[in-house]
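The values are calculated or read from the model by the stated rules, or taken from the named source; none is laboratory data. This is a predicted model, so every value here is computed, not measured. All Cβ positions, glycine included, derive from the backbone under ideal geometry; neighbour counts span all protein chains shown.
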Amino acid sequence: MIRELTPKVEAVQKMQDYIAAHQDEEINLKALSDAACYSPWYCYRIFKELTGLSVSDYVRRLKLTGAARRLKDTDAKVIDVALDSGFESVDGFQRAFYREFGVNPGTYATNPVPVPYFLPYGVKFTRKGRPEAAHPDAADGGNQGDIMETKNIFIQLIKKPARKVIIKRGEKATEYFAYCEEVGCDVWGILTSMDNSLAGEPVCLWLPEKLCAGKSEYVQGVEVLPDYKGAIPDGFDVIDLPACDYLMFQGEPFKEEDFEEAIGAMWEAEKKYDPSVIGFTWDTENPRYQLEPRGDRGYIELLAVKAK
């Protein structure tokens, strides 16, 4: 569900969009007030009200995440990253980096352990965190709203190898919003910082009962090789998954504000699909996958199948 686009919400969204487009520049409240067409004082107040952060804290966390990505992915020196991120001294950058991530930037550059990247999302969405819909089998039908027409769905059979998945469990969650309430919305940022994912990105899973360990059905995690020896974030579990066949369902690109409709349309298409036409049946012993709903690539789910 999308938050009602009131003038206040629209103004903060404009400020977020401005920050995203100018995060490599010095950002001040005057520029944001010009973008939102309100006074600086009013912009300061409504920005903190809707995002939970002051403008300066929001920009600082965004710049520190950008700095962490650069230290992890390049050979840039700490001093260069510090100055390019707008800090006046290396000492100030090091203190801010440690407060944000719990590790010194020099240590992180040589040993990039999982850290909570700051991943802000538009305030036009009703809830904090990346908006993702409920499980298609939820009792309320997933709160789908109006189902949009999906003209084309690409279906591909893929084979996943044996692997481990590093997951963060909730308590009883069967969908994203309940999960976010149980574990917080920072899990995705931690998972995004882990660059050894087999899928190239974090994944959301609905686990079969045998893998739930008395906890939530819905989890988020990253897939890694069976012999993975890297760091495991505190509070995360590791599960082993066997090699398995999956049908990947991918819809058409959609507008970001239409994510719920895109997901609902996909679920309707999945319900109508009969895997027996290609010699398979549904496999309920392996997890169902959901990738981050991104409009530029269309909504993607993976459903496990096995030969008949």
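What is the residue count in the stretch 215-232 for residues that are of a type in the set (Asp, Glu), out of contact with any His (no Cβ under 8 Å at 6 or more places or on another chain) and assigned to a loop (DSSP other than H, G, I, E, B)?
First, pick out the residues of the stretch 215-232 that are of a type in the set (Asp, Glu): 217, 223, 227.
Still in the running and out of contact with any His (no Cβ under 8 Å at 6 or more places or on another chain): 223, 227.
With assigned to a loop (DSSP other than H, G, I, E, B) added as a condition, the list becomes 227.
Final tally of qualifying residues: 1.
Would you tally the residues in the stretch 255-266 being surrounded by fewer than 22 Cβ atoms within 10 Å (Cβ to Cβ) and of a type in the set (A, V, I, L, M, F, W, C)?
1
When only residues in the stretch 233-243 that are in a loop (DSSP other than H, G, I, E, B) and surrounded by 15 or more Cβ atoms within 10 Å (Cβ to Cβ) count, which is modelled with the lowest pLDDT?
Among those that are in a loop (DSSP other than H, G, I, E, B) and surrounded by 15 or more Cβ atoms within 10 Å (Cβ to Cβ), it is Pro233.
For the stretch 1-58, which positions are among the aromatic types (Phe, Trp, Tyr) and without any contact (Cβ under 8 Å) to a residue 40 or more places away in the chain?
Listed by number, the residues that qualify are Tyr18, Tyr38, Trp41, Tyr42, Tyr44, Phe47.
Only residues in the stretch 261-287 that are farther than 22 Å from Leu207 by Cα count as the first member; pair them with residues that are small (Gly, Ala, Ser) and surrounded by 13 or more Cβ atoms within 10 Å (Cβ to Cβ), Cβ under 6 angstrom, at least 6 apart or cross-chain, and list the lot.
Ala262/Gly251
For (1) surrounded by 13 or more Cβ atoms within 10 Å (Cβ to Cβ); (2) outside the structural domain of Glu256 (by TED's automatic domain parsing); (3) more than 27 Å from the chain's Cα centre (by Cα), each residue gets a yes or a no:
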{"site": "Asp17", "(1), (2), (3)": "yes, yes, no"}
{"site": "Ala21", "(1), (2), (3)": "no, yes, no"}
{"site": "Leu32", "(1), (2), (3)": "yes, yes, no"}
{"site": "Trp41", "(1), (2), (3)": "no, yes, yes"}
{"site": "Glu49", "(1), (2), (3)": "no, yes, no"}
{"site": "Val59", "(1), (2), (3)": "yes, yes, no"}
{"site": "Leu62", "(1), (2), (3)": "yes, yes, no"}
{"site": "Asp73", "(1), (2), (3)": "no, yes, no"}
{"site": "Asp91", "(1), (2), (3)": "no, yes, yes"}
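Exactly one of these conditions fails for Tyr246: (1) under 22 Å from Glu285 (Cβ atoms); (2) of a type in the set (Ser, Thr, Tyr); (3) assigned to a loop (DSSP other than H, G, I, E, B). Give me its number.
(3)
I want to confirm something. Restricting to the stretch 175-214 and keeping residues that are hydroxyl-bearing (Ser, Thr, Tyr) and outside any helix (DSSP H, G or I), which single residue is farthest from Ile239 (Cα to Cα)?
Across the stretch 175-214, the extreme among qualifying residues is Ser193.
What about Val277, is it assigned to a strand (DSSP E or B) and among the β-branched types (Val, Ile, Thr)?
So Val277 does not fit the description; no.
Which condition breaks for Asp34 when tested against (1) of a type in the set (Asp, Glu); (2) within 17 Å of Pro120 (Cβ to Cβ); (3) modelled with pLDDT of 90 or more?
Every condition holds for Asp34 apart from (2).
When you look at Ala133, is it buried (at least 20 other Cβ atoms within 10 Å of the Cβ), of a type in the set (Gly, Ala, Ser), touching a Pro at 6+ places or on another chain (Cβ under 9 Å) and at pLDDT below 90, yes or no?
Criteria met by Ala133.
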